[in-house]
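**Student:** Handing you this structure, nothing more for now.
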């Protein structure tokens, strides 16, 4: 009997709570509908302002871009500044739209001030990337057009833009890589196109019985006849190491940075063709087995 009365009481309290919640929800919805009806004109004006404001920001960005191009500003700096102008422009558009509807700007400032610590923690990565972008522009470890290799993940490509938070790379197979600026400033990287010239280094195996003078003469002749090899820079052909099945020949020569890969590929082909024509053997791994007779094997 006592259990039944207690259950009925709990059901009545639950029903009462549901009824009260429904009343609060209905009251909130009524207030929102009333507010929206009362502000319908302001809301429509704010929406129209957002649409027009976004287009104006786009037009402003085009004007700034043309101005930067006429002043021959560095692409890295101009891209970063355009990113900042875009973000600031959009923020101003949406804040102005909010004031049109009736929100107080001071309220936003108060909320931001109260929640500054939480916002700072939430935006810690974004602020790090922003600071990283500024450091890239100031220190210039690379610029737009450079080919870089990011050592943390091994991502590489040609820098196409340095934005406010991210740097974009285009890989050799036309893929876009987006890397946070904070990663690029907090880790080491390779800039493969920073200098005007690069050293081509090739290693190729030759047999132990090869005539070293003949081998060097053949390779030096190839380097001499290639117009992309810089004449005033040293050219080295040397014995690099002794291996199990042969010796390793090292070849080094300087070329313009833009000729690096094409020259490297062509030299490998030319060396192979010249070695074949002159009877210079390129060995491969092999195992020689000597069989001893029973008599020879005794001690």
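**Student:** Determine, yes or no, whether residue 138 is loosely packed, with under 11 Cβ neighbours inside 10 Å, within 21 Å of residue 189 (Cβ to Cβ) and modelled with pLDDT under 85.
**Tutor:** So residue 138 fits the description; yes.
**Student:** Same structure again: Taking helices (runs of 4 or more DSSP H) that do not extend beyond region 1-114, which have at least 2 residues that are under 30 Å from residue 133 (Cβ atoms) and modelled with pLDDT under 75?
**Tutor:** 75-101, 105-114
**Student:** Find the residue count for region 218-257, including only residues that are without any contact (Cβ under 8 Å) to a residue 60 or more places away in the chain, part of a helix (DSSP H, G or I) and within 26 Å of residue 196 (Cβ to Cβ).
**Tutor:** Of the residues in region 218-257, 6 are without any contact (Cβ under 8 Å) to a residue 60 or more places away in the chain, part of a helix (DSSP H, G or I) and within 26 Å of residue 196 (Cβ to Cβ).
The values are calculated or read from the model by the stated rules, or taken from the named source; none is laboratory data. Only a predicted model underlies this, so the values are computations on that prediction, with no experimental measurement involved. Here Cβ is always computed from backbone atoms with ideal geometry, including for glycine, and neighbour counts include all displayed protein chains.
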